[in-house]
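K.L.:
Supplied in structure tokens, the structure appears directly below.
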Ligand code: MG
Ligand code: MG
């Protein structure tokens, strides 16, 4: 099996699409008929352009409304097929993809449809071409691959084969069991698409929400297992219709598509793939904040209040290493560095360390997934960590025990501060990291993380910001020591959108730090004179009756502006710090068995943040 992508996945003209698809690493391409008909040159010139880019065409598609017709309709369908076969010769492909008919005058009946395909097979043979039949989920008579296979089987012509399309199969919940009984050489094409779990008509779901495998919620790996049993050796060709892709930069989409192809290959049973295994991920190791001078003191005060001490000073640049137990921050206010990241984004998270079992295995997997790497030699670093450059510009290093020690030992001069009293430390670990991203960056980052690590994905949900909807999605490792929350929005004044505008791009919006004593943390902040996000007073009486909380306890929550939630496993507490420069902030959480990230309170946090901005702009006047 080998990767391919349909031109319909990308925005732009056919020329731009071909260029981006080739640059992303593909060798095979599916030509969508509209792209060809709108091309500003002859069909032969399109073929030459494709060949000049080192690409070969796996199919021309779609050939619609062919089967089940009679009389003049049927004759026109065969005339169209003749023309397409001529085009295909000029494009350099021998496969025409026929999708099941939605024609109002098309009739059903497996025997009749098989006859049509048998005759089409004869015509194809004259042109030295092949045809492949796809069951559209909304096909008029054929909408199930088991029926399209029966048509192909009965057509019994060597030039007629089957298309399997993951979207059409999964969107109707069709059983996969029959796939393994189809001979691999009768499957002429496999089209791959994922999708979010939505409840809507098949056509709208398909036209607007398909996404690359790894970005959605379909059980693609079960399909890949079934497919591996057929002996199929042809293309795995992405065919994605997606509103976001239609308006995104085509190169980023093509690169995501190629990564998704590599991810698909990793889903095949071990004997069928050569993809390096993903390295177990065990949580966050450190966070590096690019810090403008005017924000340094406030950040230092906050860290001190939370029990951090300055553990080291970088030997060559103005960067500080702060530590509380195993939680580590680097505050980097280097001017050189500032020119690259700080000037563009302002005070914001620039890099993170991920704890992995084996950083070498991680690098190998990332290379295979075509994830851009940041290697110490390239950046003249004194540490030996390798990481990946995410699409938003942040760098995520993988750190095993040896590299972590190496980095902080070599680069930082230890400070003779008071030894850490672990019991007194407020912060136990980094609980989760939350990103605010444009929709294209969200899809891209989601795919990168899922292709690199073995992660679980929770269903997407909507956060009701007072200024619009924010789509939220969480991925985590199996013991939830790594949790990453994604937020994306189209509404321009939501808290997430404002973050993206002010930071000039997608990035890390907040870091959540976990404590075992949220009240002690709150008191420390108060004692240090650090204000936290004011929570609307009406929240607390409602909370009290919702969970049957004691009034003294509830007053204590309100006094410290603590948000509270419960699930079946326990309680959850949250405090938010005020955003630095209206952008990045911290969350403090205590989880007593609770498993989520406080989704039930997300709308209130957004409302409180919007309100606090109004108050601060009013008082600043
Ligand atoms: Mg298809
Ligand atoms: Mg959070």
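The values are calculated or read from the model by the stated rules, or taken from the named source; none is laboratory data. Fair warning: this is a prediction, and the values are worked out from it, not measured in the lab. Counting neighbours? That spans all protein chains shown, and the Cβs are built from the backbone with ideal geometry, glycine included.
K.L.:
Restricting attention to region 450-463, which residues are more than 16 Å from ligand 2 (Cβ to nearest atom) and in contact (Cβ under 8 Å) with a residue 24 or more places away in the chain?
P.N.:
450, 451, 452, 453, 454, 455, 457, 459
K.L.:
Looking at (1) surrounded by fewer than 21 Cβ atoms within 10 Å (Cβ to Cβ); (2) at pLDDT 95 or above; (3) farther than 21 Å from residue 577 by Cα, which is the only condition residue 301 fails?
P.N.:
Against the list (1) surrounded by fewer than 21 Cβ atoms within 10 Å (Cβ to Cβ); (2) at pLDDT 95 or above; (3) farther than 21 Å from residue 577 by Cα, residue 301 comes up short only on (3).
K.L.:
Restricting to region 129-155, name every residue that is assigned to a loop (DSSP other than H, G, I, E, B), more than 15 Å from ligand 1 (Cβ to nearest atom) and out of contact with any strand residue (DSSP E or B) (no Cβ under 7 Å at 6 or more places or on another chain). Break it down into steps so the answer makes sense when it comes.
P.N.:
Restricting attention to region 129-155, the residues satisfying the condition of being assigned to a loop (DSSP other than H, G, I, E, B) are 129, 135-144.
When the remaining residues are screened for being more than 15 Å from ligand 1 (Cβ to nearest atom), the result is 129, 140-141.
Hits for region 129-155 are 140, 141.
K.L.:
Within the set of pairs 6+ apart or on separate chains, which have a first residue in region 597-609 that is in contact (Cβ under 8 Å) with a residue 60 or more places away in the chain, a second that is more than 9 Å from ligand 2 (Cβ to nearest atom) and assigned to a helix (DSSP H, G or I), and C-beta atoms under 7 Å apart?
P.N.:
Cβ pairs passing all conditions: 604/539; 606/495; 609/495.
K.L.:
Here's another thing I want to ask about it. Right, residue 431: free of Cβ contacts under 8 Å to residues at least 40 places away in the same chain and in a strand (DSSP E or B) or not? Before you say what the answer is, go through the steps one by one.
P.N.:
Working: free of Cβ contacts under 8 Å to residues at least 40 places away in the same chain: no; in a strand (DSSP E or B): yes.
For residue 431, the condition - free of Cβ contacts under 8 Å to residues at least 40 places away in the same chain and in a strand (DSSP E or B) - is not met.
K.L.:
Determine whether residue 370 is free of Cβ contacts under 8 Å to residues at least 24 places away in the same chain and not in a helix (DSSP H, G or I).
P.N.:
No: the conditions fail for residue 370.
K.L.:
In region 156-250, which helices (runs of 4 or more DSSP H) lie fully inside it and hold 3 or more residues that are within 22 Å of the chain's Cα centre (by Cα), touching a residue at least 60 places away in the same chain (Cβ under 8 Å) and at negative phi? Before the answer, list the steps.
P.N.:
Values: elements: 166-171, 202-209, 220-228, 243-247.
Answer list for region 156-250: 243-247.
K.L.:
OK, next. Every residue in region 68-82 that is within 18 Å of residue 141 (Cβ to Cβ) and surrounded by 12 or more Cβ atoms within 10 Å (Cβ to Cβ), please.
P.N.:
If the condition is that a residue be within 18 Å of residue 141 (Cβ to Cβ) and surrounded by 12 or more Cβ atoms within 10 Å (Cβ to Cβ), then 68, 69, 73, 74, 77 are the ones that fit.
K.L.:
Going residue by residue through region 27-48, is there one that turns out to be surrounded by fewer than 18 Cβ atoms within 10 Å (Cβ to Cβ) and closer than 21 Å to residue 259 by Cα?
P.N.:
yes
K.L.:
Same structure again: May I ask you to list the residues in region 277-294 that are touching a strand residue (DSSP E or B) at 6+ places or on another chain (Cβ under 6 Å) and surrounded by fewer than 18 Cβ atoms within 10 Å (Cβ to Cβ)? Please lay out each step first, then the result.
P.N.:
From region 277-294, those touching a strand residue (DSSP E or B) at 6+ places or on another chain (Cβ under 6 Å) are 279, 281-291; that's our starting set.
Listed by number, the list holds a single entry, 282.
K.L.:
Same structure again: Yes or no: region 370-378 includes at least one residue that is farther than 23 Å from residue 334 by Cα and out of contact with any strand residue (DSSP E or B) (no Cβ under 6 Å at 6 or more places or on another chain). Full working, then the answer.
P.N.:
Residues of region 370-378 farther than 23 Å from residue 334 by Cα: 370-372.
Those left that are additionally out of contact with any strand residue (DSSP E or B) (no Cβ under 6 Å at 6 or more places or on another chain): 370.
So far as region 370-378 goes, yes, one or more of its residues are farther than 23 Å from residue 334 by Cα and out of contact with any strand residue (DSSP E or B) (no Cβ under 6 Å at 6 or more places or on another chain).
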